[in-house]
Amino acid sequence: MSSITLDRPTVSGSTLACEVHPSSDLQRFFTGKPITVNYDRSIESVPDGILVIPILAQVCPVAWANGADVYVETVDGSFAHALAAVQESLCRMHDFLEGGELYARRVHDGDDAGNGDGQRSDGSDDAPGTGTDDGSTHNNDDGSDSALLFTGGVDSTCSYVRHREEAPTLVSLRGWTITPDPADDEDWATLRERVSAFADERDLDTAFLETNALSALDHAMLLAHYKRYVDGGWYSSVGHGLGLLGLCAPMAYTRDIDDLYVAATHWDGIDLEWGSRPDIDNHVRWTGTQCHHDAYDRTRQERLDLIADYVEREAPDLELQTCNTRLDGNCGRCEKCYRTAVGLRLSGLDPQAHGYPFTDAEYRDLRRDLERGTWVLGQDERYMWEDIRERVRETDREPESAAEREFFAWLETANLDELVSDSGPPLSHRVLRAGARNAPASVYNAAYPVWKTMKTGLHRVRLGR
């Protein structure tokens, strides 16, 4: 029977570590490294049921892809309910996911975070509370303390503007787009400096997390098996909503965070197989904390409108950071920089005043690169250019120049579907993936190094299939 067993998490000051033991048929999806997360304050007072959440959030989607069961010593009851709902959503979205069960020796019956059916994990009634069965207490007060995953891009800045009256803690993570590799040290330092400056100007708290979670999973092998089913990578298409929010659980517990926001990438009306959506993120919760997929009711252009209003009223010097190629400013030449600059103009802002070296002369280069297929674009970008085109159609705004008028005239009739890359990976990559899928683990470990970067007395926490 396929299974994944988690050791009891260990804590040393602000560092969390947990060994993961997959059954032999699942070993190829793990590198053998313990999953670690470094926080910026001590987590030694956090109960085991919360400490295991960052690990479960990474491991469970892999288990569900293989119909495997997961075994833990202790789990927070609210999070167990959340996993059931997230599993249902992901299995509905991805046909290749099979589901699985979670087993725990102990289930902490804590606060259901004001969301859900108000029942204990065993199905009996349970009034909301903050105690845990190991005697620890989550010290929530009557305030509405909140936190927001934040990068300084359009989406997270829009979410900050929407919730700025709550003075949310700004949370930034290293371990996904910025990897734990020492080569990314400078990028991480740059992100920390920028987020800290944004927070200091607004008298906000910050939280910085670092994890090896993605290097503990063998993403090359996950792609070898599942790339054919997803539009993008494993984490972006399957795991990152649950994964990123779950990493925050000990941080949220130590800071008494009631509400944790993650900014939407897409919006209502876009039905893409993406790992962070309302029907995933809004289910995620644990004792004392409810997660929220934020601003799904606004298109990207409408988010820029909200930011523009904030700029005019409160933050004339605001700079966004959205570049695909650098973190110390915006290159102004990648597709995302161009797209953001055009959107800023449509919202009535000068891109050059907010971080983008964009002039009328750039419109010709932008059109040329779109027509030539300079960038590998997906359905995300098609929807976002369609959003820009709809705004141009709706507005009576006069173009600022002949170059802008010419670009918008072209965009009006452009076949946006042709901008999307459908070439797929090179044949050599597909052959390697097929070989990796079918090789025994021992053969795989030897021949594909490029791809390799407790039931007795357990309580069954039903997740459904």
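The values are calculated or read from the model by the stated rules, or taken from the named source; none is laboratory data. In this text the structure is predicted, and so the values were computed from the model without any measurement. Because the Cβ atoms are built from the backbone with ideal geometry, glycine has one as well, and the counts that use them run over all protein chains shown.
For this structure, a couple of remarks:
- Test: residue in segment 354-370 that is within 18 Å of E406 (Cβ to Cβ) and under 23 Å from the mean Cα position of the chain (by Cα): no
- Scanning segment 165-192 for residues that are surrounded by 15 or more Cβ atoms within 10 Å (Cβ to Cβ), out of contact with any strand residue (DSSP E or B) (no Cβ under 9 Å at 6 or more places or on another chain) and in a helix (DSSP H, G or I) turns up just one, T190.
- Flag if I257 is of a type in the set (V, I, T), in contact with a Cys (Cβ under 9 Å, 6 or more places away or on another chain) and outside the structural domain of L149 (by TED's automatic domain parsing): no
- Taking segment 398-423 as the range and being under 16 Å from L346 (Cβ atoms) and exposed (fewer than 12 other Cβ atoms within 10 Å of the Cβ) as the test, the residues that pass are E398, E400, E412.
- Test: residue in segment 226-249 that is more than 13 Å from the chain's Cα centre (by Cα) and buried (at least 24 other Cβ atoms within 10 Å of the Cβ): yes
- Restricting R367, R333, R345, R303 to those that are surrounded by 15 or more Cβ atoms within 10 Å (Cβ to Cβ), outside the structural domain of W176 (by TED's automatic domain parsing) and touching a strand residue (DSSP E or B) at 6+ places or on another chain (Cβ under 9 Å) reduces the list to R303.
- Filtered residues of segment 21-47 (kept if outside any loop (DSSP other than H, G, I, E, B) and under 22 Å from the mean Cα position of the chain (by Cα)): F29, F30, I35, T36, V37, N38
- Looking only at segment 250-290, residues that are over 16 Å from the mean Cα position of the chain (by Cα), part of a helix (DSSP H, G or I) and surrounded by fewer than 24 Cβ atoms within 10 Å (Cβ to Cβ) come to 1 in all.
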